[in-house]
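A quick write-up on the structure given underneath.
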Amino acid sequence: MHERSVAKNILREMEELGQEYPQGRIAAVEIEVGLMSGVDASLLASALEIEQDRMQPRIDFQIHTVSLLAHCGPCGKTSQIESFVFSCIHCGSQQIDITQGESVRILTITLDDPS
Amino acid sequence: MRTIIVRRDIQAEAKRDAEVEREELILRGTFVVNLVSSPGSGKTSLLAEMARFWRNRFSMAVLVGDLETDRDAQRLAPFCPVTQLTTGGACHLELPLVHRGRMALGDPLVDFLFIENIGNLVCPASHDLGEHLRVVMLSVTDGDDKPGKYPKMFRTSHSLVISKFDLAPYVPFVVEAAINDAKSIQPNLACFVISSLNQTGIDTFCSYLEEQRANLLALLKQKRAVDATL
């Protein structure tokens, strides 16, 4: 996808979060990049670095990729989807719903103590 | 230092907007289809044939997306209301542009609104355009091994249309192989084989869309009836 515009989206969300949590400055952000989000985690890190140049002081971005998880309708268990083989690893059913790995999420924000 | 768990999807607002669009359109009877494929698989040709097939029975309008030119809009203009969306560089359509295009077309009250996406099996997979149905098209000249290479696109689609079947005798494309590959990613895909050139399979695909629209409208009617009793 377009990591530069994803980075801008992240910063926009962070501005809103900053208003929701005005108790301190956002010093660190943990970002989760789903394996099927269409976004490349290392390219996103680079894009955020570029955006960082305009931000003072720096924000610590922790980015990690998360795997595809799916819930199986028939057996009720959760499977980790490997190599995009979309079936339950427990019972083999294809009637599964993806529960993780399709999006990019801001997981946590860390606020500086107010000085 | 205080760490707060927020779990915020960065596309949450875009997804909400798409949901609003989706609901608004079906409430007035318009079923929206997002048509995706590689460049040149036959999206525009199919739309022209469908407009011809449905003339006087179902109304349709098209929002066609390209980086440049209005060639596709010109091709479709004789058959149905159409507006060209040019991105100037973006390789996928996004909802704001689609919404503006719909308004520019006069927000027509049609049975079917088609969004012909930019020819690209990658980026459009990640953008909800407020559609009720996503149709991925694969021509016999594209190759029967493509679905597995584009898991997100095939996973997020509802229907697969295999096009240019008139060329099947000349290419090593095995329909069953393509369908099996696609269904290993999305088992619920409704699959169709068409030839716009020979006008075959168009009727079957149109019937499928008519049924999908009718089902959704019936569901809405049911929901309204239930809500009225509460």
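The values are calculated or read from the model by the stated rules, or taken from the named source; none is laboratory data. Just so you know, these numbers come straight off a predicted model, no measurement behind them. Neighbour counts run over all protein chains shown; Cβ positions are idealised from the backbone, glycine included. Accessible surface is based on the protein model in full, side chains and every heavy atom, while ligands, DNA and RNA are left aside. Shrake-Rupley method; radii C 1.70, N 1.55, O 1.52, S 1.80 Å.
List of remarks:
- Exactly one residue out of A:80, A:56, A:19 is surrounded by fewer than 19 Cβ atoms within 10 Å (Cβ to Cβ), more than 11 Å from chain B (Cβ to nearest Cβ) and part of a helix (DSSP H, G or I), and it is A:19.
- Some residue of the range A:92-104 being in contact (Cβ under 8 Å) with a residue 60 or more places away in the chain and among the small types (Gly, Ala, Ser): yes
- Every condition in (1) farther than 22 Å from residue A:34 by Cα; (2) buried (at least 16 other Cβ atoms within 10 Å of the Cβ); (3) of a type in the set (Gly, Ala, Ser) holds for residue B:125 except the one numbered (1).
- Total residues in the range B:39-83, condition closer than 21 Å to residue B:107 by Cβ and free of Cβ contacts under 8 Å to residues at least 60 places away in the same chain: 18
- Whichever residue in the range B:97-122 is within 14 Å of chain A (Cβ to nearest Cβ) and without any contact (Cβ under 8 Å) to a residue 40 or more places away in the chain and, among such residues, is most open to solvent (accessible area, probe 1.4 Å): B:122
- Scanning the range B:4-27 for residues that are assigned to a strand (DSSP E or B) and surrounded by fewer than 13 Cβ atoms within 10 Å (Cβ to Cβ) yields B:5, B:7.
- Among residues that are within 14 Å of another protein chain (Cβ to nearest Cβ), touching a residue at least 12 places away in the same chain (Cβ under 8 Å) and over 30 Å from residue A:20 (Cβ atoms), residue B:90 is included.
- Selected residue (criterion: nearest to the other protein chains (Cβ to nearest Cβ)) from residues of the range A:83-93 that are buried (at least 17 other Cβ atoms within 10 Å of the Cβ) and hydrophobic (A, V, I, L, M, F, W, C): A:84
- Pair list, Cβ < 9 Å and 6+ apart or interchain, from the range B:174-192 residues that are within 14 Å of chain A (Cβ to nearest Cβ) and within 15 Å of residue A:85 (Cα to Cα) to residues that are open to solvent by 40 Å² or more (accessible area, probe 1.4 Å) and among the charged types (D, E, K, R): B:181/B:145; B:181/B:146; B:182/B:146
- Of the residues making up the range B:36-54, not a single one is within 14 Å of another protein chain (Cβ to nearest Cβ), exposed (fewer than 13 other Cβ atoms within 10 Å of the Cβ) and in a loop (DSSP other than H, G, I, E, B).
- Within the range A:6-16, being open to solvent by less than 60 Å² (accessible area, probe 1.4 Å) and more than 8 Å from chain B (Cβ to nearest Cβ) holds for A:7, A:11, A:14.
- When the criteria are applied in full, residue B:225 meets the requirement of being open to solvent by 40 Å² or more (accessible area, probe 1.4 Å), away from chain A (no Cβ under 14 Å) and small (Gly, Ala, Ser).
- Condition met for residue A:113 (of a type in the set (D, E, K, R) and either assigned to a strand (DSSP E or B) or surrounded by 14 or more Cβ atoms within 10 Å (Cβ to Cβ) (or both)): no
- In this entry, residue B:163 passes the filter for residues that are away from every other protein chain (no Cβ under 14 Å) and either within 13 Å of residue B:41 (Cβ to Cβ) or in contact (Cβ under 8 Å) with a residue 60 or more places away in the chain (or both).
- Here residue B:202 does not qualify as of a type outside the set (Asp, Glu) and under 29 Å from residue A:98 (Cβ atoms).
- Residues (within 27 Å of residue B:124 (Cα to Cα), in contact (Cβ under 8 Å) with a residue 60 or more places away in the chain and not acidic (Asp, Glu)) located in the range A:10-34: A:10, A:14, A:31, A:33, A:34
- For the range A:99-115, taking the residues that are of a type in the set (Gly, Ala, Ser) and within 20 Å of the chain's Cα centre (by Cα), the one that is farthest from the other protein chains (Cβ to nearest Cβ) is identified as A:101.
- Hey, residue A:96 in contact with a Leu (Cβ under 7 Å, 6 or more places away or on another chain) and either modelled with pLDDT of 95 or more or within 12 Å of chain B (Cβ to nearest Cβ) (or both) or not: no
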